[in-house]
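Undergrad: Following this message is one structure expressed as structure tokens.
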Amino acid sequence: MGCCHAYFAATGAGDEAFTMDASTVTFGAGCLKEAGDHARALGMKRVALYTDQAVAALEHAAIVRKSLAQAGLDVAVYDEVTVEPTDVSFGAGARFAAEGRFDGFVSVGGGSVMDTCKAANLYATHPADFLAYVNAPVGGGRPVPGPLKPHIACPTTSGTGAEVTGIAIFEHTPLRAKTGMVSRHMKPTTALIDPEVTRTLPATIVASTGFDAMSHALETLTAISYARRRKPERPSLRPVSQGANPWSDIAAVEALSLIGRYFVRAVQDAADVEARTEMMYAATLAGIAFGNAGCHLPHGMSYAVSGLVREYRAPHYPRGGPFLPHGMSVVLNAPAAYRYTAVACPERHLDGARHLGADVRGAAPADAGEILAQTLIRFMRAVEVPNGLSAVGFSPADVPALVAGALPQSRVIGNAPRAAGAPELGQLYTAAMRYW
Ligand SMILES: [Fe+2]
């Protein structure tokens, strides 16, 4: 691929190297039953099992618990994880970990559960004030000093990729801003990815998590090149969100072609085991991709959207009050974002559309943003997500608050191939109000 991502031809003040983080993953139907054996092999004796109350009532949590018990492990269950965690819920999870003196962690659930477990493991292993490890400017941005205790992550949805990343996201309630901790040390030691968990997922959840995975792959593919990102002060401080690189490209491209083929089928038919399994695998690849490169504008803009939603309440999610699921709050920004970023690397935007199934033969570079935006809009309409921010209750009067909510996401927004400050973010939110 050419344009500004000619990695090894780049010269100048950027970084000369990138880091490839591999993830240990076991993928296959029924593999949750392997949890006990993996835990014992990792030296666990006393295990904290993190989940939420909805997942705790499902057979997946029971299967993992039984497997751990059969392996002779002492298991304490923490099922107080909340959907869309906060500093308060992270703190409660961390206290449970610190008081229990565990030598290993197992998480069974979606991104919220796995992220809470990562944070609990972090504070139990390397105690500090809560804000110490939180990304600047909200927190102190202190680097995690060393390895954590072993963590086996068992995802029960097919989108977040949290099982293969060292990222934990929460809402900092005093500022109503999403932020998190990021460190290679926080990546789960191993992941058990069992596609059987997707059989009972409602269509709305498959749609939202599928868009999350699609966005992880597309944002990775179109992120700024690592060779154009400012060099870190010390090599060990090279960020996890290091920009697009040859390693993340491999996973992003494969994820997009699977998502292009199987996403709509997986949403429309819960009995389509092939499509739901392929989406689960694609989500894992997309997680590996963004865990090695970082997301950019659609994610950076999404946290203000989900934090400020007033009326919309997504069906099938276990939470009272207004709620816009993460994947949906991401994709509602995406067409507007790619129309803006395409000029920086049109070939990559066209490649993204092509891998998702669009016919890009004869397309000019100047059409790249529109072609990718229209490709996304076709998926949005096919799986019936709301038509832009206005369809979930926002109006142009909300744009200043959305911009203010997005600005603390400078770590993510700065990973875009084209810079976006407050004026540009305002234009992007305005353009995201309605798409068809
Ligand atoms: Fe995401």
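The values are calculated or read from the model by the stated rules, or taken from the named source; none is laboratory data. All of these numbers come straight from a predicted model, not from anything done at the bench. Backbone-built Cβ (ideal geometry, glycine too); neighbour counts: all protein chains shown.
Undergrad: Quick check on the stretch 210-227. Is at least one of its residues within 14 Å of the ligand (Cβ to nearest atom) and farther than 18 Å from residue 379 by Cβ?
TA: There is at least one residue in the stretch 210-227 that is within 14 Å of the ligand (Cβ to nearest atom) and farther than 18 Å from residue 379 by Cβ.
Undergrad: Show the residue pairs meeting these rules: Cβ distance below 8 Å; 6+ apart or different chains; first residue within the stretch 302-313 and closer than 20 Å to residue 413 by Cβ; second residue assigned to a loop (DSSP other than H, G, I, E, B) and of a type in the set (Asp, Glu).
TA: Qualifying pairs under 8 Å: 306/84.
Undergrad: What are the residues in the stretch 164-199 that are under 21 Å from residue 281 (Cα atoms) and polar (S, T, N, Q), if any?
TA: Residues satisfying the conditions are 165, 189, 190, 198.
Undergrad: Might you check whether a residue that is surrounded by 24 or more Cβ atoms within 10 Å (Cβ to Cβ), closer than 18 Å to residue 159 by Cα and among the aromatic types (Phe, Trp, Tyr) occurs anywhere in the stretch 218-237?
TA: no
Undergrad: Checking residue 181 against (1) touching a Phe, Trp or Tyr at 6+ places or on another chain (Cβ under 6 Å); (2) hydrophobic (A, V, I, L, M, F, W, C); (3) under 21 Å from residue 45 (Cα atoms), which test does it fail?
TA: Single failed check for residue 181: (3).
Undergrad: Quick one: which residue in 300, 287, 294 is of a type outside the set (Asp, Glu), surrounded by 22 or more Cβ atoms within 10 Å (Cβ to Cβ) and at positive phi?
TA: Being of a type outside the set (Asp, Glu), surrounded by 22 or more Cβ atoms within 10 Å (Cβ to Cβ) and at positive phi holds for just one of 300, 287, 294, which is 294.
Undergrad: What pairs can you find where one residue is in the stretch 203-230 and within 30 Å of residue 14 (Cα to Cα), the other is among the charged types (D, E, K, R), and their Cβ atoms are less than 6 Å apart, with a gap of 6+ or different chains?
TA: Here the result reads 221/348; 222/348; 226/15; 229/15, each pair linking the stretch 203-230 to a residue that is among the charged types (D, E, K, R).
Undergrad: Please verify whether the stretch 330-339 includes one or more residues that are of a type in the set (Gly, Ala, Ser), in the same structural domain as residue 420 (by TED's automatic domain parsing) and in contact with a Pro (Cβ under 7 Å, 6 or more places away or on another chain).
TA: yes
Undergrad: Scanning the stretch 295-322 for residues that are within 16 Å of the ligand (Cβ to nearest atom) and aromatic (Phe, Trp, Tyr), which turns out farthest from the chain's Cα centre (by Cα)?
TA: For the stretch 295-322, the residue satisfying everything is 317.
Undergrad: Could you tell me which residue of the stretch 57-80 is nearest to residue 197 (Cα to Cα), considering only residues that are crowded, with 19+ Cβ neighbours inside 10 Å and within 23 Å of the chain's Cα centre (by Cα)?
TA: The residue in question is 60.
Undergrad: Let me ask something additional. Name the single residue that is nearest to the ligand (Cβ to nearest atom) among those in the stretch 148-194 being part of a loop (DSSP other than H, G, I, E, B) and β-branched (Val, Ile, Thr).
TA: 160
Undergrad: While we're here: Residue by residue through the stretch 362-374, note down the ones that are under 19 Å from residue 244 (Cβ atoms) and either under 22 Å from the mean Cα position of the chain (by Cα) or surrounded by fewer than 22 Cβ atoms within 10 Å (Cβ to Cβ) (or both).
TA: Of everything in the stretch 362-374, those that are under 19 Å from residue 244 (Cβ atoms) and either under 22 Å from the mean Cα position of the chain (by Cα) or surrounded by fewer than 22 Cβ atoms within 10 Å (Cβ to Cβ) (or both) turn out to be 365, 372.
Undergrad: Now for a separate question. Looking at (1) out of contact with any Asp or Glu (no Cβ under 8 Å at 6 or more places or on another chain); (2) in the same structural domain as residue 296 (by TED's automatic domain parsing); (3) farther than 16 Å from residue 224 by Cβ; (4) touching a residue at least 12 places away in the same chain (Cβ under 8 Å), which is the only condition residue 364 fails?
TA: Here residue 364 meets the rest and fails (4).
Undergrad: Any residue at all in the stretch 240-247 that is in the same structural domain as residue 295 (by TED's automatic domain parsing), within 16 Å of the ligand (Cβ to nearest atom) and either of a type in the set (A, V, I, L, M, F, W, C) or touching a His at 6+ places or on another chain (Cβ under 7 Å) (or both)?
TA: yes
Undergrad: Say we look at the stretch 81-136 and pick out the residues that are part of a helix (DSSP H, G or I) and of a type in the set (Lys, Arg); which of these is nearest to residue 52 (Cα to Cα)?
TA: 118
Undergrad: Right, here's the next one. Any idea which residue in the stretch 145-178 is surrounded by the fewest Cβ atoms within 10 Å (Cβ to Cβ), counting only those that are more than 30 Å from residue 194 (Cα to Cα) and of a type in the set (A, V, I, L, M)?
TA: Per the stated criteria, the residue is 175.
Undergrad: Just to verify a result, which residue in the stretch 320-361, among those that are free of Cβ contacts under 8 Å to residues at least 40 places away in the same chain and under 23 Å from residue 261 (Cβ atoms), is surrounded by the fewest Cβ atoms within 10 Å (Cβ to Cβ)?
TA: Ranking the qualifying residues of the stretch 320-361, first place goes to 361.
Undergrad: Which ones in the stretch 323-338 are within 15 Å of the ligand (Cβ to nearest atom) and aliphatic (A, V, I, L, M)?
TA: Answer for the stretch 323-338, where residues must be within 15 Å of the ligand (Cβ to nearest atom) and aliphatic (A, V, I, L, M): 324, 328, 330, 331, 332, 334, 337.
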